[in-house]
Amino acid sequence: MSQDKKKVDMDKIVSLCKRRGFIFPSSEIYGGLGSCWDYGPLGVELKRNVRNAWWRTVVQEREDMVGIDASIMMHPQTWVASGHVEGFSDPLVECKNCHLRWRADQLNGDKCPECGGELTESRMFNLMFKTFMGSVEEEANIVYLRPETAQGIFVNFENVRSSMRKKLPFGIAQIGKSFRNEITTGNFIFRTREFEQMETEYFVKPGTDEGWFDYWVKERFNWYLNLGIKKENLRLRQHGREELAHYAKDCYDVEYLFPMNWAELEGIANRGDFDLTQHAKYSGKGLDYFDEETNERYVPYVIEPSAGVDRSVLAFLVDSYDEDVAEGETRVVMHLHNGLAPIKVAVLPLSKNERLVPLAREIYTEIRRHFMTQYDDAQSIGRRYRRQDEIGTPFCVTIDFQSLEDKQVTIRERDTMVQIRLPIQELMNTLLAKLGGETFTNQTGWSAKEIGA
Ligand code: GAP
């Protein structure tokens with residue numbers, strides 16, 4: 001049974017993530033904490049691979065991009081200038097009976113969806129988390145946990161431009177945690193109160209912004225396709241006028257067909273000159289740009305592709321999940337892109353026999369210098385293949401008794417289950433070629449020559 005046509009349900013993904021060490025409920029031994037999740041040993045690798053794939057495409061491979069890592073707590077005036085203190089709010093109602101809180105704009109009727117109780121009048125609720133800096137809890141010491149990483153980029157525009165001698169158009173990228181006290185959370189890691197963003201602010205000359213906006217919408221859409229997301233599960237949706245954020249001239253969402261429905265994976269907005277103008281006004285520091293080619297001074301416009309790390313992780317997990325039949329049994333397999341797979345290679349001695357172990361461990365030690373590698377000698381070889389398929393490991397290397405004689409091992413490929421035998425001497429180069437030094441372009445399967453076809 002292939003899951004291509006039938007979407008996997010979220011419970012299967014949540015259960016696989018827990019069982020195989022991808023994602024656990026946070027502080028579970030205390031009963032968990034609403035909407036908070038911990039990435040386990042495999043989840044942390046997958047998440048890191050998503051970040052690295054993004055950084056590589058958006059920063060490393062581009063001449064016009066640089067990165068920063070700004071602090072999560074920023075001067076409180078930042079959030080006055082950005083409009084978040086005034087306007088980063090959702091309408092909230094509370095049930096007078098069970099005291100659950102709901103977003104008024106997401107309710108169908110005027111009763112509590114949980115118990116049918118009467119609801120309070122709606123009031124605006126600011127989504128920023130507040131805390132105090134220093135030992136005195138007073139108004140003057142209030143700081144916020146950032147609700148987006150973007151503002152850390154805007155306030156550093158001039159520092160980056162002058163230190164890196166950047167000319168327009170150029171962009172600044174950042175990956176980091178953001179916090180929003182969302183009224184309603186849910187759908188696993190889709191909407192949480194603590195999450196991670198991958199944001200780019202791309203500064204351009206006013207008048208060229210619409211062209212750059214189109215460019216970034218396409219770039220970002222293709223990024224997901226290049227990492228294996230199926231085209232039929234991805235679409236673009238333009239925001240209507242009434243839906244645009246206060247700063248946006250135009251905005252597209254890249255939407256993914258999650259198990260619950262189509263939903264936003266990433267937003268790409270044309271923010272015009274809103275942010276730099278606001279920060280110049282509130283800080284008193286000029287944030288305009290002198291264009292040496294035209295001898296003009298102007299405030300750059302900004303195109304902002306803003307993606308969620310956790311939502312991307314969820315989309316990659318859902319999209320790669322499949323069930324098929326291997327040797328008469330249902331096998332769960334994650335067809336994760338090689339670059340994203342948490343474990344790239346599994347080393348599997350045929351048994352725990354003491355004659356096999358030294359060679360198997362020698363091979364394991366060598367491979368793990370290059371790739372995340374697992375050594376597994378527990379249970380039958382079939383069971384071990386299944387375990388690796390379920391976590392998306394692209395290659396398994398098997399060492400058997402013949403390997404001791406002929407110095408050859410078997411490599412098995414996850415997706416096709418094709419096995420080839422090759423000299424140990426060629427193993428490392430073959431794996432390096434197959435895993436492509438983590439290049440995020442073509443997924444490389446076996447060639448006809450390699451499988452002797
Ligand atoms: N700087 C623009 C900005 O923050 P956004 O649409 O509010 O725009 C961008 O957020 C991305 O951040 C979303 O597309 C989503 O992937 C992620 N994101 C936002 N809120 C989230 C939440 N509560 N939980 C998980 N991811 C979230």
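The values are calculated or read from the model by the stated rules, or taken from the named source; none is laboratory data. Every value quoted in this text rests on a predicted model; they were computed, and no experiment measured them. Don't worry about glycine lacking a Cβ; one is built from the backbone with ideal geometry, like all the others, and counts go over all protein chains shown. Accessible surface is based on the protein model in full, side chains and every heavy atom, while ligands, DNA and RNA are left aside. Shrake-Rupley method; radii C 1.70, N 1.55, O 1.52, S 1.80 Å.
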To the nearest 20 debye, what is the magnitude of the charge dipole of the chain about its Cα centre, counting +1 on the Cβ of each Lys and Arg and -1 on the Cβ of each Asp and Glu?
-> 1060
Over region 74-153, the quotient of the Cα radius of gyration and 2.2 N^0.38 Å is 1.40
Expressed as a whole percentage, what fraction of the accessible surface of region 184-303 belongs to carbon and sulfur atoms when a 1.4 Å probe is rolled over the protein heavy atoms?
-> 45
For the chain, find the longest principal axis of its Cα atoms and tell me its angle to the long axis of helix 10-19, 0 to 90°, nearest 10.
-> 60
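Just order 151-160, 58-67 by mean Cβ neighbour count inside 10 Å, highest at the front, would you?
So the peptides 151-160, 58-67, ranked by packing, come out 151-160, 58-67.
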Please give the peptides 414-423, 73-82 ranked by average Cβ packing (other Cβ atoms within 10 Å per residue), highest first, as a rough proxy for protection.
-> 73-82, 414-423
Among bridges DSSP assigns within region 66-206, what percent are antiparallel (round to 5)?
-> 90
From the backbone phi of region 248-256, what are the Karplus-calculated ³J(HN,Hα) couplings (6.51 cos²θ - 1.76 cosθ + 1.60, θ = phi - 60°) in whole Hz, Gly and Pro given as x?
-> 9, 7, 7, 7, 10, 9, 7, 10, 10
By how many degrees, between 0 and 90 and to the nearest 10, does the Cα long axis of helix 357-367 differ from the longest principal axis of the chain?
-> 30
Would you mind checking which residues have amide H under 5 Å from Phe125's amide H? H placed 1.01 Å from N; only 5 or more apart, or other chain.
-> Asp90, Leu92
Which is farthest toward the positive dipole end of the chain among Gly240, Ala81, Ile189, measuring Cα position about the Cα centre, with Cβ charges +1 (Lys, Arg) and -1 (Asp, Glu)?
-> Ile189
Give, rounded to the nearest 20 debye, the magnitude of the charge dipole that region 200-316 has about its Cα centre when Lys and Arg contribute +1 at Cβ and Asp and Glu contribute -1 at Cβ.
-> 340
The Kirkwood hydrodynamic radius of the chain, taken as the inverse of the mean 1/r over all distinct Cα pairs, in Å, comes to 24.8
Relative to the chain, whose Cα atoms define the longest principal axis, helix 41-55 and its Cα axis are tilted in degrees, nearest 10, by 60
Beyond 20 Å, the calculated P(r) of region 175-249 holds a percent of Cα-Cα pairs equal to 56
